[in-house]
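Single-structure report; data block below.
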Amino acid sequence: MTESKPICRVEGPTVDLLVISDLHLRATGAQYPVVDLPVETHDLVLSLGDVVDENREHAKSVSAGEAYEKRGRAFLERLDEQGVPVLAVPGNHDPVDCTQRLSEGLTNVHSLHGITRNVVVGTEWSLTIAGWGCEQFDFTPALLSPDYPDIPVEDEARTPDAVASTLLRAAGEYFAGDLSERLW
């Protein structure tokens, strides 16, 4: 689903993205200094998940998880204050529900999962950003064999990792000159 209203409009021929990822903020220790991020020189911030290291559903205790989320919320609030739109894709440490809690009520921070958002760039074009993040805090493969029916995978599980390994092996053999025909 694409949101009909653009997330922002950029004057000029380009859009400058600040991409952040895997901060794994902890509940204690020094806060991550937003002032060290060059937010104001960018048109849009794209957070690719794992802002926090734990969440309240999966920490050792509810209070520990809440402390992690409090730190993550404070970080996103400081980003929000910069006035630059932030798109937050859920990670495996801050899945959909957690990312929505962290960004709830913030004017410039938007959870981006299962939707696309547009950035209008000048008058000539627009940039569409699709977000698809983690829905759960575990490592169960989300994609199984029906997603890759024509690839002969040696691993019976046919997980994304098994498919990727098969493709990488085939690419290596091809570039080494050992594979001249299609695998399938």
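The values are calculated or read from the model by the stated rules, or taken from the named source; none is laboratory data. These numbers were taken from a predicted model, which means no experiment stands behind them. Please note: Cβ atoms are built from the backbone with ideal geometry, for glycine as well, and neighbour counts cover all protein chains shown.
If you go through segment 95-112, how many residues are at pLDDT below 90 and under 18 Å from residue 45 (Cβ atoms)?
Summing the residues that are at pLDDT below 90 and under 18 Å from residue 45 (Cβ atoms) in segment 95-112 gives 0.
Mind counting the residues in segment 53-72 that are modelled with pLDDT of 90 or more, buried (at least 18 other Cβ atoms within 10 Å of the Cβ) and under 14 Å from residue 100 (Cα atoms)?
2
Using the structure shown, decide if residue 22 is in contact with a helix residue (DSSP H, G or I) (Cβ under 9 Å, 6 or more places away or on another chain) and in a loop (DSSP other than H, G, I, E, B). Show your work before the answer.
Values: in contact with a helix residue (DSSP H, G or I) (Cβ under 9 Å, 6 or more places away or on another chain): no; in a loop (DSSP other than H, G, I, E, B): yes.
Against the criterion (in contact with a helix residue (DSSP H, G or I) (Cβ under 9 Å, 6 or more places away or on another chain) and in a loop (DSSP other than H, G, I, E, B)), residue 22 does not qualify.
Please find, among 77, 66, the residue that is free of Cβ contacts under 8 Å to residues at least 24 places away in the same chain and at negative phi. Quick ask: steps written out before the conclusion?
On the way: 77 fails: free of Cβ contacts under 8 Å to residues at least 24 places away in the same chain.
Result of the check over 77, 66: 66.
Can you find a residue that is among the small types (Gly, Ala, Ser), closer than 22 Å to residue 11 by Cα and outside any loop (DSSP other than H, G, I, E, B) anywhere in segment 117-131?
We begin by selecting, within segment 117-131, every residue among the small types (Gly, Ala, Ser); these are 122, 126, 130-131.
Pick out the ones that are also closer than 22 Å to residue 11 by Cα and you get 122, 126, 130.
Within this subset, residues satisfying the condition of being outside any loop (DSSP other than H, G, I, E, B) are 126, 130.
So far as segment 117-131 goes, yes, one or more of its residues are among the small types (Gly, Ala, Ser), closer than 22 Å to residue 11 by Cα and outside any loop (DSSP other than H, G, I, E, B).
Quick one: residue 80 ticks every box in (1) of a type in the set (D, E, K, R); (2) out of contact with any Gly (no Cβ under 9 Å at 6 or more places or on another chain); (3) farther than 30 Å from residue 125 by Cβ; (4) surrounded by 18 or more Cβ atoms within 10 Å (Cβ to Cβ) except a single one, so which number is it?
(3)
Among the listed residues 59, 74, 27, identify the single one that is more than 18 Å from residue 119 (Cα to Cα), in the same structural domain as residue 115 (by TED's automatic domain parsing) and in a helix (DSSP H, G or I). Spell out how you get there, then give the answer.
Details: 59 fails: in a helix (DSSP H, G or I); 27 fails: in a helix (DSSP H, G or I).
When all the criteria are applied, what remains is 74.
Among the candidates 86, 19, 39, single out the residue that is at pLDDT 90 or above, surrounded by fewer than 17 Cβ atoms within 10 Å (Cβ to Cβ) and among the aliphatic types (A, V, I, L, M).
Working: 86 fails: surrounded by fewer than 17 Cβ atoms within 10 Å (Cβ to Cβ); 39 fails: surrounded by fewer than 17 Cβ atoms within 10 Å (Cβ to Cβ).
On inspection, the qualifying residue turns out to be 19.
Any chance segment 97-109 includes a residue that's over 27 Å from residue 16 (Cβ atoms), assigned by TED's automatic domain parsing to the domain that holds residue 16, small (Gly, Ala, Ser) and surrounded by fewer than 19 Cβ atoms within 10 Å (Cβ to Cβ)?
Within segment 97-109, not a single residue is over 27 Å from residue 16 (Cβ atoms), assigned by TED's automatic domain parsing to the domain that holds residue 16, small (Gly, Ala, Ser) and surrounded by fewer than 19 Cβ atoms within 10 Å (Cβ to Cβ).
Please indicate, with yes or no, whether at least one residue in segment 145-158 is at pLDDT 70 or above and not basic (Lys, Arg).
In the first step, residues of segment 145-158 are kept if they are at pLDDT 70 or above; the result is none.
Looking for residues that are at pLDDT 70 or above and not basic (Lys, Arg), one finds none in segment 145-158, hence no.
Just checking, does segment 99-122 include any residue being in contact (Cβ under 8 Å) with a residue 24 or more places away in the chain and within 15 Å of residue 26 (Cα to Cα)?
Yes; the residues of segment 99-122 include at least one that is in contact (Cβ under 8 Å) with a residue 24 or more places away in the chain and within 15 Å of residue 26 (Cα to Cα).
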